[in-house]
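A short reminder: the numbers here are calculations on the coordinates, not readings from a lab. No experiment lies behind these values; they were computed from the predicted model shown. All Cβ positions, even for glycine, are placed from backbone atoms using ideal geometry, and neighbour counts span all protein chains on display.
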Amino acid sequence: MNRSRTILDRTYRTLTLRPVYHGLFWAVLFAFMVFGGSKIEGNPGDILFAEILSLCFFAVLVYTNLYYLIPNYLAKRAFLYLLLVMIVCAIVTPLEVFVLYVKFSENSDYRSFLVSIQLDIYIGNIFVTLISTVLRLIMDWWRYQNEKQVLLTQTMQSELRFLKSQINPHFLFNTLNNLYALTLKKSDKAPEIVLKLSEIMRYMLYECNEKRVQLSKEILYMHNYLDLERLRQPKEADISFTVEGNISEQMIAPLLFVPFVENSFKHGLNLHVKDGGFVRMRLRVQGEDMEFYIENSKADALPRMDHRRSGGIGLANVRQRLQILYPENHTLIINDEPGVYAVTLLLKLI
């Protein structure tokens, strides 16, 4: 697939070079003139010379059209543009007939034939001129579409880099807060948290720069994340993560689940004091279809905040990333029930 895409890109870049597509146009036109049936009967040298002369007059018409008539009149006054094309062809056609008439002064039959087909030559000149207009419009449209796609891709990549840059500091901020609290208590769990955090940061720094990562690595990252949470949560807290299906060959956008997991602890389990609360996660893969489900317990009433809550970028962040990375291949379902908050993400792993 990548190799085919590379060949197509190279072909496009070659064909859109001005000398290339201009050369192809004149080569095809000249071949049609020579092999499409010449009006001259005689030696091949005379035939070739006559067609070269005609090609020169075509060139005068085409480049007058491309560099003067189209830029100045086509978009603004289409009717005037067509009128000017007819006028320019009406000026050039007699000159072309005169040059050919003089060149073949010794061929009386051809001279008579040349005079009789002046109208055909005039119509042919208009036709070639308008063909150049159509091709110019096609090339401009093609170039515009390509530039539009390049700009869209650059915009998407910039937005993804910005969105992903929001995830990493957000997670690091929360984890360091947890570590700080444990070090104040001189907890024996602090060294283990440092080790887990180093593994997580290694993944985020060295693995997550790619557009897609192995799903198995993303799941390992999630296990490390939950291990950190288990170290600091009460023993009675129910934290589980089950994985079903083949995950060895699937690829996924990195750090896609982190905002859901962060929210389940920050706004769920951390505020739930009865029976320890719960965070339950399930990831199921079947072919290219993936289902990620997470639910967390909720406190009966949220504590009163004396200051504005910080953060809040996680869910909006993941919505935007899904729109960019999986625009037609995801479904996000959020259920906010009394006592339970649940998120279901259906994703086609492409």
Potential extension, Phe49-Thr16 segment - 0.36 nm per residue separation minus Cα distance: 8.8 nm
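Subtract the Cα-Cα distance of Glu328 and Glu244 from 0.36 nm times their separation in residues, and report this length gain in nm to one decimal.
Values: separation 84, 0.36 × 84 = 30.24 nm, distance 2.41 nm.
Length gained, Glu328 through Glu244: 27.8 nm.
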Residues Lys235 and Leu176, FRET efficiency given R0 of 30 Å [Cβ-Cβ distance, rounded to 0.05]: 0.80
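Of the listed pairs Lys217/Lys298; Lys185/Lys266; Lys148/Lys348, which have alpha-carbon separations greater than 24 Å here?
Those over the limit are Lys217/Lys298; Lys148/Lys348.
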Spin-label model distance (nm) - Leu151 vs Leu24, 7 Å beyond Cα toward Cβ: 2.5 nm
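What does the charge add up to near Ile200, with Lys and Arg as +1, Asp and Glu as -1, over the other residues with Cβ less than 13 Å from its Cβ? Mind dumping the intermediate values first?
Numbers: positive: Lys196, Arg202, Lys217; negative: Glu192, Glu199, Glu207, Glu218, Asp227, Glu229, Glu262.
Surrounding charge for Ile200 is -4.
Which order results if Ser132, Ser105, Ser216 are arranged by neighbouring Cβ count within 10 Å, fewest first?
By the 10 Å Cβ count, ascending, the order reads Ser105, Ser216, Ser132.
When the chain is fully extended, how far beyond the present Cα-Cα distance does Phe35 get from Leu205, taking 0.36 nm per residue of separation? It would help to have the intermediate numbers written out before the result.
Values: separation 170, 0.36 × 170 = 61.20 nm, distance 6.40 nm.
Length gained, Phe35 through Leu205: 54.8 nm.
Counting other beta carbons within 10 Å of each residue's own, what order do Phe265, Phe113 fall into, fewest first? Present the calculation step by step, with values, prior to reporting the outcome.
Working: Phe265 24, Phe113 14.
Result, fewest neighbours first: Phe113, Phe265.
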Taking Val213, Val134, Val318, Val243 and counting other C-beta atoms within 10 Å, the order from fewest to most: Val134, Val243, Val213, Val318
